[in-house]
Amino acid sequence: ALRYTGAVLKEALRLYPPVWLVSRVAEVPSRIGGWQVPQGSHVLVVLYLIHRHGDYWQAPEVFDPLRFLADDSAVAGWLPYSRGPRHCIGDELSMCEMPVHVAHVVQRLTLAHVEGAPGDFAAGFTLRSQTPIHVRPILRS
């Protein structure tokens, strides 16, 4: 079932969502965080910040895959593929494929981070590394 592998991937997507920012248009007048949002206003939703917000996550900066195994309450603030009618149409496929690929790799290799490799991220259309992330494979016997 690869439940733990799926939880690790969900936690990685929580901390580093590929789509870190989405734009929506307010269909009705609303109030967000004390701000009045008139109908027709463009609203930017920063998923990266929601995924690290203390109102939604205990110890939000800590990598803890177990939060996705405990119960379904963690899912409410988990939006790496967005939600609603504009969510990513490949979300279910990716969550089926990723655990299989990761399990296939980790059964055969251990990946070690190469020291000194930069880890800064660039926030473009997607969140990605500014430079390549270098790893060194260690074959398992």
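The values are calculated or read from the model by the stated rules, or taken from the named source; none is laboratory data. Just so it is clear, the structure is predicted and the values come from calculations on it, not from any experiment. Here the Cβ positions follow ideal geometry from the backbone for every residue, glycine too, while neighbour counts run over all protein chains shown. Quick note on the areas: whole protein, heavy atoms, side chains included, nothing else; ligands and nucleic acids left out. Shrake-Rupley method; radii C 1.70, N 1.55, O 1.52, S 1.80 Å.
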**Q.** Answer residue from the stretch 65-88, given it is at pLDDT 90 or above and more than 13 Å from the chain's Cα centre (by Cα) and is least open to solvent (accessible area, probe 1.4 Å) among those
**A.** 67
Q | Pair list, Cβ < 6 Å and 6+ apart or interchain, from the stretch 3-26 residues that are touching a residue at least 12 places away in the same chain (Cβ under 8 Å) and more than 15 Å from residue 87 (Cα to Cα) to residues that are part of a helix (DSSP H, G or I) and open to solvent by 30 Å² or more (accessible area, probe 1.4 Å) | A | 5/102; 7/69; 9/98
Q.
For the condition over 14 Å from the mean Cα position of the chain (by Cα) and more than 14 Å from residue 11 (Cα to Cα), what is the one hit in 55, 91?
A. 55
Q) Are there any pairs with C-beta distances below 8 angstrom linking a residue in the stretch 39-51 that is without any contact (Cβ under 8 Å) to a residue 40 or more places away in the chain and surrounded by fewer than 18 Cβ atoms within 10 Å (Cβ to Cβ) to a residue that is among the charged types (D, E, K, R) and not in a strand (DSSP E or B), with the two at least 6 apart or on different chains, and if so which? A) 39/27
Q | Verdict on residue 12 being open to solvent by less than 50 Å² (accessible area, probe 1.4 Å) and closer than 22 Å to residue 102 by Cβ | A | yes
